[in-house]
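Here is the structure we will look at, set down as structure tokens.
Each value in this text was obtained by applying a stated rule to the coordinates, not by laboratory testing. What you are looking at is a predicted structure, and each value in this text was computed from that prediction instead of being measured. Positions of Cβ are backbone-derived with ideal geometry, glycine not excepted, and every protein chain shown enters the neighbour counts.
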Amino acid sequence: MNHPPKTMRAVALSGHGGLDKLEFHADWPAPVCGEGEVLIRISACGLNNTDVNTRTGWYSKSVTNATGEGEGEAGDAAWGSAPIKFPRIQGADVVGVVAAVGGGVDKNLGGRRVMVDAWLRDWNDPQNLNKTGYLGSERDGGYAEWLSVDARNVHTVDSTLSDAELATFATSGVTAENMLNRAAVTTGDAVLIPGASGGVGSALIQLANRRGARAIAMCGADKAEAVRAIGAAAVLPRAPGDLQAALSGAGFATVTVVADVVGGALFPQLLSALSRGGRYTCAGAIAGPMVELDLRTCYLHDLTLSGATVPPPGAFADLVRYIERGEIKPLLAAAYPLEKLRDAQQAFMEKGHVGNIVVTMK
Ligand SMILES: NC(=O)c1ccc[n+]([C@@H]2O[C@H](COP(=O)([O-])OP(=O)(O)OC[C@H]3O[C@@H](n4cnc5c(N)ncnc54)[C@H](OP(=O)(O)O)[C@@H]3O)[C@@H](O)[C@H]2O)c1
């Protein structure tokens, strides 16, 4: 069917809390296609920690522990400045086919296979990073059969990869590319990557390599072989007692860049691993947001620290080009049917996987 029914299968988040807040519905109201929008028949949608962080309220400043352990209910429990409106269909990494186009949209988009850039922008002021939202957070996302979204968020993709494979890329890939841009990573850089087995970390390895940099990965021992196969020049333990010694043992006296999504207790050692003038860029704190910073390490070594969340417009189009050219490969760890989103998220939180987990709609 190419035209949406009045209702659809969807998983709606009913509020902050446990996995039971993810409620499957067989007859959720289907979206309609507005002016300037497209209607997408979704085939797959990738999971992300932001789903978990939003559900548990981890973004609240009142929460100071690792992802998955926080339970904030405060008004600041969203990633952005406004509280989440419930019920909300989460899911950012949407892949599907355009089934209908709204007024003012190029009709040639109809029938095309697309990936969706999850960054919602004010298209009258697209460079303004303050005027942004995220699909599945400020607007209903992809844990459903149908999605309506601004046509400018939609990118056609020409690839032999499966829909589930394509659904592994969006959030991780664009975040990793944004981090590497923020740290100006280029040929010859040695980039240390904690959390390298995960979605962002595995994308960082591949995207650093395509720039001619060397990736030094940190991950759990059971994932070391898989992480090396992604293209890491060296693989270190996720929590080496002495990071400096582990780096030296792998042939790296220092690194020029740290691209971090882990944070937590590791942070002081990560910063100390940087050479003079080194760059630390951060897009996550899965092991904990509260870290110990010795400012002397920062200023005496002329370090630059950057945060990376909202990429400028254009980053997603770059990512799609890399995918189409085969410069970045998918790492699909598992696919679950939409109805099993709770099981999928449970597995995602257990972190036994390498790459990413997706749900599929058929
Ligand atoms: N700012 C943004 O826009 C943005 C975008 C995407 C993600 N993020 C954030 O970045 C972080 C990583 O995202 P991701 O998608 O790459 O995550 P992921 O796929 O879940 O991978 C994270 C990896 O970190 C490692 N890790 C190390 N210490 C950990 C700990 N204490 N608890 C759990 N995992 C730990 C684990 O690998 P090992 O077992 O191998 O150590 C895990 O597989 C999350 O906090 C996420 O919210 C932010």
Calculate, in nm to one decimal, what GLU225 and ALA253 gain on full extension: separation in residues at 0.36 nm each, minus their alpha carbon distance.
7.8 nm
Could I get the Rg over Rh figure for the chain? Both from C-alpha atoms, Rh via Kirkwood, rounded to two places.
0.97
For the chain, what does -39500 (n - 2.57) per DSSP helix run (n ≥ 4), summed and divided by total residues, give at 222 nm, in deg cm²/dmol to the nearest 500?
-6500 deg cm²/dmol
note: segment 173-307, Cα-Cα separations exceeding 21 Å make up a percent value of 30 percent
Based on the Cα atoms of segment 22-112, what semi-axes does the equivalent ellipsoid have, where each is the square root of 5 times one gyration tensor eigenvalue, given in whole Å with the largest first?
32, 14, 13
Ignoring solvent entirely, what values of log10 I(q)/I(0) come out of the Debye formula for segment 75-191 at 0.20, 0.21 Å⁻¹ when each Cα is a single scatterer?
-1.24, -1.30
Could you state the number of Å between the C-alpha centres of segment 177-256 and segment 87-153?
32 Å
Segment 228-336, Kirkwood Rh and Cα Rg, ratio Rg/Rh at 1.01
Kindly count the pairs of lysines across the chain whose alpha carbons are less than 16 Å apart, treating pairs on different chains or eight or more residues apart as eligible.
4
Could you bin all the Cα-Cα distances of segment 121-166 into 5 Å bins starting at 0 and give me the percent of pairs in each, rounded to whole numbers?
5, 15, 20, 23, 19, 11, 6, 0
Taking a point 7 angstrom from the Cα of ASP242 along the C-beta vector, which residues in segment 248-279 have backbone N less than 14 Å away?
248-250
Positive end of the charge dipole of segment 173-307 (Lys, Arg +1 and Asp, Glu -1 on Cβ, about the Cα centre): tell me which of MET179, LEU274, LEU247 has its Cα farthest that way.
MET179
Using Cβ counts within 10 Å as a stand-in for footprinting exposure, how do ILE328, ILE42 rank, fewest first?
ILE328, ILE42
Taking the convex hull of the Cα atoms, report for segment 135-217 its projected area averaged over all directions, in nm².
7.0 nm²
Net dipole in debye of the chain [+1 Lys, Arg Cβ; -1 Asp, Glu Cβ; about Cα centre; nearest 20]
520 debye
If contacts are Cα pairs under 8 angstrom and at least 6 residues apart, what is the relative contact order of the chain in percent?
18 percent
